[in-house]
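Values in this text are rule-based calculations from the coordinates and carry no lab data. Only a predicted model underlies this, so the values are computations on that prediction, with no experimental measurement involved. Here the Cβ positions follow ideal geometry from the backbone for every residue, glycine too, while neighbour counts run over all protein chains shown.
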Amino acid sequence: MRRGVALRCRRHRHRHTLLFVPGSRRDRFDKAASAGADRVVIDLQDTVAPEDEGDARHSATAWLAQGNRCRRSAPWRR
């Protein structure tokens, strides 16, 4: 997993930490969600091999459908 990155939100002027987790690593989703970052990004493209993108999407969707969330934020999709 990549370390969290501090960003400045233009609208609110707050700093947020982002923690990126590869969408192909379902075993890391729970750990990332409990790590304390402001936002967890399940990356479905850059860290996933092209042939595994469909499985990564399915894993992320299934994990969210089970009610899993980061403690500080709601899911967001770009």
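Whole-Hz Karplus values for segment 30-45 come out as 5, 4, 5, 5, 9, 6, x, 6, 5, 9, 10, 10, 8, 7, 9, 10 Hz, taken residue by residue from phi with 6.51 cos²θ - 1.76 cosθ + 1.60 and θ = phi - 60°; glycine and proline positions read x.
Modelled this way, with points 7 Å down the Cα-to-C-beta line, the labels at residue 52 and residue 31 are 1.4 nm from one another.
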